[in-house]
Amino acid sequence: MSNGSLVEKRLNHKDRGFHDAPSGLKMSHYKIPLAAKVAGTVFLAVLVPIYLNTYGPANFLWFCDAALLLTVAGMWLESSLLISMCSVGILLPQCLWLADFGGNLLGIHLLSLTGYMFEPGLPLFTRGLSLFHGWLPLLLVWLLVRLGYDKRALSAWTGLAAGLVLVCYLFTPPAGAHLANPNIPINLNYIYGFNDRQPQHWVNQNLYVILWLGVLWLGAFLPTHLALRHIFAAPPPAAGLKLAIRLLESSQRARQGWIHKCLVG
């Protein structure tokens with residue numbers, strides 16, 4: 001069989017020449033179901049305008065809200081890096097959120113992370129949207145199973161977290177601020193301590209922000225990274241590049257086969 005006929009046979013196959021490739025390289029293979037992507041997008045389409053109207057745009061500087069946006073983007077892109085970043089950043093903190101929320105339901109006040117969930121001044125539906133803090137960690141674990149864990153996530157999330165903290169420190173209200181709209185968030189990402197009524201006083205505030213980032217890195221980001229790297233498989237290396245190379249090789253073979261036919265014929 002000539003090279004041209006072989007190439008033509010492979011390209012006419014339902015996988016367009018990739019029927020012998022790993023499943024991750026097949027052109028028709030998607031790791032995240034379309035229904036999951038659409039559901040995440042619909043949820044954001046509801047949450048974003050309500051949050052903007054209720055809390056203002058600064059609310060999306062919270063680690064958890066930024067992670068929600070990145071997670072939906074990562075689902076559409078099927079990006080292991082984006083999903084891994086969000087997992088490193090929020091899996092442990094969201095466990096604290098859930099513990100605090102459960103404690104408040106039982107009348108036990110732990111860390112004051114979820115007091116807003118019991119504010120009668122906020123519409124029940126708006127507070128209900130914040131329950132994403134409960135299911136987002138489960139979604140991330142499911143996505144890690146499908147996409148794998150990208151070890152670059154620790155450095156990537158560390159950079160993003162540092163940027164968010166810097167923006168919050170420079171441009172958002174501190175703890176104890178009295179605003180015309182009481183729903184506007186203050187003390188974002190707890191850069192002034194865990195008491196929203198007043199900033200911490202036990203150390204210089206500039207130093208506190210640096211120390212707080214260090215505590216987050218050592219106490220949350222790094223342990224999560226080490227655990228996820230051990231539990232989940234790494235994503236296929238440069239799958240997109242491999243696909244492009246295979247396509248280029250198939251194109252070259254087809255062109256060579258056409259030239260051969262012209263010369264022989």
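The values are calculated or read from the model by the stated rules, or taken from the named source; none is laboratory data. Quick caveat, the model's predicted, so the values are computed rather than measured. Cβ atoms come from the backbone with ideal geometry, glycine included; neighbour counts cover every protein chain shown.
In the set VAL46, VAL72, which member is surrounded by fewer than 16 Cβ atoms within 10 Å (Cβ to Cβ) and among the hydrophobic types (A, V, I, L, M, F, W, C)? Every option except VAL46 fails the conditions. The single condition among (1) assigned to a loop (DSSP other than H, G, I, E, B); (2) touching a residue at least 40 places away in the same chain (Cβ under 8 Å); (3) under 30 Å from LEU122 (Cβ atoms) that ALA233 does not satisfy is (3). Can you tell me which residues in region 137-191 are of a type in the set (A, V, I, L, M), part of a loop (DSSP other than H, G, I, E, B) and free of Cβ contacts under 8 Å to residues at least 40 places away in the same chain? Correct list: ALA175, ALA177, LEU179, ALA180, ILE186.
Once region 112-127 is narrowed to residues that are touching a helix residue (DSSP H, G or I) at 6+ places or on another chain (Cβ under 9 Å) and not in a helix (DSSP H, G or I), the residue that is modelled with the lowest pLDDT is SER112.
For ALA233, the conditions (1) under 23 Å from LEU110 (Cβ atoms); (2) surrounded by fewer than 16 Cβ atoms within 10 Å (Cβ to Cβ); (3) modelled with pLDDT under 95 are fulfilled apart from (1).
Cβ-Cβ under 9 Å, sequence separation 6+ or interchain: first residue in region 205-217 and farther than 15 Å from SER155 by Cα, partner among the aromatic types (Phe, Trp, Tyr) and surrounded by 14 or more Cβ atoms within 10 Å (Cβ to Cβ). Which pairs? Correct list of pairs: GLN205/TYR169; GLN205/TYR192; ASN206/TYR169; TYR208/TYR192; VAL209/TYR169; VAL209/TYR192; TRP212/TYR190. Selection of region 54-72 for residues being farther than 11 Å from LEU140 by Cβ and assigned to a helix (DSSP H, G or I) yields THR54, PRO57, ALA58, ASN59, PHE60, LEU61, PHE63, CYS64, ASP65, ALA66, LEU69, VAL72. Do you know which residues across region 192-207 are closer than 23 Å to GLU119 by Cα and assigned to a loop (DSSP other than H, G, I, E, B)? Listed by number, the residues that qualify are TYR192, PHE194, ASN195, ASP196, ARG197, GLN198, PRO199.
Yes/no matrix, rows are residues, columns are (1) modelled with pLDDT of 95 or more; (2) of a type outside the set (D, E, K, R); (3) touching a Phe, Trp or Tyr at 6+ places or on another chain (Cβ under 7 Å):
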site	(1), (2), (3)
LEU164	yes, yes, yes
HIS178	no, yes, no
PRO182	no, yes, no
ASN189	yes, yes, yes
TYR192	yes, yes, no
TRP202	no, yes, no
LEU207	yes, yes, no
ILE210	yes, yes, no
